[in-house]
Amino acid sequence: MINSFFENVGIEEMAFAYPPEVWPSEEIEKKLNPLYQKLNLPLGRLELMTGIKERRFWSCEYAASSASAEAGKKLLKKGVKKDHIDLLIHSSVCRDRLEPATASYIHRLLGLSGKTQILDISNACLGFVNAIILAAGMIESKQIKRAMIVAGENGKPLVEKTIKILNKCNLNRKEIKPYFANLTIGAASVAWSIAHKSLLPKDRPRIGAYACETDTTFNHLCEGDSDGNELIMQTDSEKLLHAGISVAKKTWNKFKKISQWRPDTPSFIVTHQVGKAHTKAIFESLNLDITKNHSTFEFLGNCGSASLPFTYTHACESSPSKLKDPAVLLGIGSGLSSIMLSINP
């Protein structure tokens, strides 16, 4: 397969930002008291089923561009030069509006150069990984030397709308299931600078091989849209899990051939941060060692496109030695599409 391995691109710097509001799963259940009483649901159900103890939010009015810019500013403070950024990609599900590109607001907030190309990429929870591959390809082909990729997700409007629906509508236990996944959503932002290897500090991790598999037969299993000024989403979680595992298996088999990696090659592994059931199923189906897993869903929930890069960044900040370890990102987004990407020492 051509163009499936990068030889000259690495991660220059990474940064993330936490939202200020903390919502424990128990607090969400208290807000759902009318529903819980009507259906006689046990408290603690949300954390028990998902493994999510809490998630964080910005206010509903906080723009996606502001969230992404928070992480972007931290990235710049680590020494990435504003005038040396050739491309800025905003890769979130959340956007400020249809036009102009959310990247234009981030560019202004960060005070980037006039030479910087800007664009938005959106592909559900896979957008950031798509952006890495696009930018890395441009670096590899010498169109650019450096790119900043950002994602800022805020699930508070979705969670609040879902709580309203569940409390006001006369739904039974079966009818509430499509809304349950909404209650796992959180918020976070992340920013990476990727650059040509000639510009990287010593011992920075390199972007390696990737593989992709797409099956749009299942694009109806998780659908979200705007409802006036609010957001709403419905998910068939059980069918989505099985469909996602099927796509992930095909991607992993492709990835092993392209990268020549075995299941025991990566020192640590990061999957999309859905919850404990999804994580367990991915590791078991791909025959991977779950002790190599690094996760953030326990305290952040599912943060869309920001989840996967945030979790890798968090792992490296928690233990800087991981920057020298071979790692694999197991990305997946509703639609369905999966990309698996190696990061090499």
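Observations, loosely collected:
- Dipole magnitude for the range 12-119: computed about the Cα centre from +1 point charges on Lys and Arg Cβ and -1 point charges on Asp and Glu Cβ, it is near 100 debye.
- Added length on full extension, which subtracts the Cα-Cα distance from 0.36 nm per residue, residue 4 to residue 117: 38.3 nm
- Shape call, the range 1-157: gyration tensor on alpha carbons, a/c limit 1.5: prolate
- Cα centroid of the range 95-158 to Cα centroid of the range 298-345, whole Å: 17
- On Cα atoms only, tilt of 276-285 relative to the major axis of the chain in degrees: 50
- Helical runs (DSSP H, four residues minimum) scored at -39500 (n - 2.57) apiece and divided by the length of the chain put the mean residue ellipticity at 222 nm at -11000 deg cm²/dmol.
- Formal net charge of residues neighbouring residue 45 (Cβ-Cβ distance under 12 Å; K, R +1; D, E -1): -2
- Above-threshold pairs, the threshold being 20 Å between Cα atoms, out of 145/202; 145/322; 77/142; 174/239; 77/324: 145/322; 77/142; 77/324
- Highest-MSF residue in the chain out of 113, 198, 307 [GNM, Cα springs under 10 Å]: 198
- Working ranking of peptides 65-73, 119-127 by packing, defined as the average number of other Cβ atoms within 10 Å per residue, highest first, is 65-73, 119-127.
- Approximating the spin labels as points 7 Å out from Cα along Cα→Cβ, the residue 109-to-residue 142 distance works out to 3.6 nm.
- Annotation: extensible slack from residue 289 through residue 267 equals 7.0 nm (criterion: 0.36 nm per residue apart, minus Cα-Cα distance).
- Heavy-atom accessible surface of the chain: percent carbon and sulfur, 1.4 Å: 51
- Between residue 173 and residue 40, the modelled label-to-label distance comes to 0.9 nm, taking each label 7 Å out from Cα in the direction of the beta carbon.
- Peptides 309-322, 35-48, 146-159, ordered by how many other C-beta atoms sit within 10 Å of their residues on average, highest first, read 146-159, 309-322, 35-48.
- Whole-number accessible area per residue in Å² for the chain, which is evaluated in the context of all protein chains at 1.4 Å: 44
The values are calculated or read from the model by the stated rules, or taken from the named source; none is laboratory data. All values derive from a computational prediction rather than experimental measurement. No Cβ is skipped: glycine too gets one built from the backbone with ideal geometry, and neighbour counts run over all protein chains shown. When the accessible area is computed, the model is the full protein with side chains, heavy atoms only, and any ligands, DNA or RNA have been set aside. Shrake-Rupley method; radii C 1.70, N 1.55, O 1.52, S 1.80 Å.
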